Number of protein chains: 2
Amino acid sequence: MRVFWEKGFEGATLDDLTAAMGIERPSLYAAFGSKQDLFARAVEHYLEGPSAYFEEALSEPTSRRVADALLCGAADLHTDPTTPSGCLTVHGAFLRGASPDGPGARLAAVRDGAEAAIGERLRRAVEEGDLPSDADPSALAAYLRSVTYGMAVKATGGATREELQGVIDLTLSAWPTA
Amino acid sequence: MRVFWEKGFEGATLDDLTAAMGIERPSLYAAFGSKQDLFARAVEHYLEGPSAYFEEALSEPTSRRVADALLCGAADLHTDPTTPSGCLTVHGAFLRGASPDGPGARLAAVRDGAEAAIGERLRRAVEEGDLPSDADPSALAAYLRSVTYGMAVKATGGATREELQGVIDLTLSAWPTA
DNA sequence: GCAGTACAGTACTCATCGGTACGATATCCG
DNA sequence: CGGATATCGTACCGATGAGTACTGTACTGC
């Protein structure tokens, strides 16, 4: 997973992958079938492990705390010194092949699903009166995702957690209150 | 330029490039030297052409108008139907090689330079009283760049100009006033 | 009209990538 | 202890990428 995270799908060669896993190529193919299948498994692990903050964030009681948890979770993850910088799913947004069943499409679905989930959560917040009735949950979700993507790009380029905190603070200062 | 813009440095093959230019490989090498050199030229043209909105935006009279022009210019560019989606420099943020003189490093310098230029402009705005004295120009610049990068990622994934406008509106609602 | 030169295009080289066949080695069961 | 089997690793294959040598042609200068 870390190899894909660090180098992306195309940047990760089989030599990289086998070296990181301590197994040889035939074993890898016996266990996973293909590079694409292995990547799919890596994405699953990423979503269940490092990116698990996401689901937890959606469970926060107020929309503002949801937003804060999403942004801080992403910033923590993208600058965690024990893991590669940046975001696996954002890294995968720039794949050569655009085949509808390829890894790029899968990641696009993951990203779209995440934004939709945030939108749903914020829609509930409007219903609960936690957000003003004229707030646009979809736009707020797109905003949060944009900032998150942007932080991933900046983290890939070497931004620090502190810099990203400044971004988060400004982002949240735009958050509407009921 | 368009080929690199659309496919990135590594995604653009020599066949793509020669086909787009209507010349053959040896002519390309005679004229530009190498793929990297050609890419450097493409980046120059990108900065001077499509991305020229940037310098104009910095000349806007108020910091808020600077921010608005930067964000709208980026959104327009990234969703212009006559050009590839997304941003050449963001696309290049995810290159395999990390060689200090490679195309990745060059683009990183471009991105860092852009953020620094925005920071400078906003610092001036603080001095001029156009921004409150407790505003943090660097943080605001990082915020603008994050949103811009995020819009580029979203545009690459197919976001529309209208969606991005929602992001811009929210982004600017966080803008401090003197 | 002819020699010299510059150029365009074809076809090649070398490296690397994803994926696999095959031989060597170890393991398990009778 | 022996043989079938499962597993591991080396070595290979076809495809594709960047970069280049070579040949034929057109054009210039005399």
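Inclusion of A:Ser85 among residues that are surrounded by fewer than 20 Cβ atoms within 10 Å (Cβ to Cβ), within 14 Å of chain B (Cβ to nearest Cβ) and under 22 Å from A:Met151 (Cβ atoms) is warranted.
The residue list A:Glu127, A:Glu115 contains one member that is out of contact with any His (no Cβ under 9 Å at 6 or more places or on another chain) and free of Cβ contacts under 8 Å to residues at least 12 places away in the same chain, which is A:Glu127.
Looking only at residues in the stretch A:101-146 that are touching an Asp or Glu at 6+ places or on another chain (Cβ under 6 Å) and more than 15 Å from A:Glu60 (Cβ to Cβ), the one that is nearest to the other protein chains (Cβ to nearest Cβ) is A:Ala142.
The residue list A:Ala159, A:Ala93, A:Ala139 contains one member that is surrounded by 15 or more Cβ atoms within 10 Å (Cβ to Cβ) and at pLDDT below 95, which is A:Ala93.
Going through (1) out of contact with any Ser or Thr (no Cβ under 9 Å at 6 or more places or on another chain); (2) within 12 Å of DNA strand D (Cβ to nearest atom) one by one, B:Ala42 falls short only on (2). When the residues of the stretch B:159-175 are filtered to those that are part of a loop (DSSP other than H, G, I, E, B) and within 8 Å of chain A (Cβ to nearest Cβ), the one that is nearest to the chain's Cα centre (by Cα) is B:Ala159. Counting only helices (runs of 4 or more DSSP H) that sit wholly inside the stretch B:1-58, those with at least 1 residues that are away from DNA strand C (no atom under 16 Å from the Cβ) and within 13 Å of the chain's Cα centre (by Cα) are B:2-11, B:35-48, B:53-58.
The values are calculated or read from the model by the stated rules, or taken from the named source; none is laboratory data. Quick caveat, the model's predicted, so the values are computed rather than measured. Methodologically, a virtual Cβ is constructed for each residue, glycine included, from the backbone with ideal geometry; neighbour enumeration extends over all protein chains shown.
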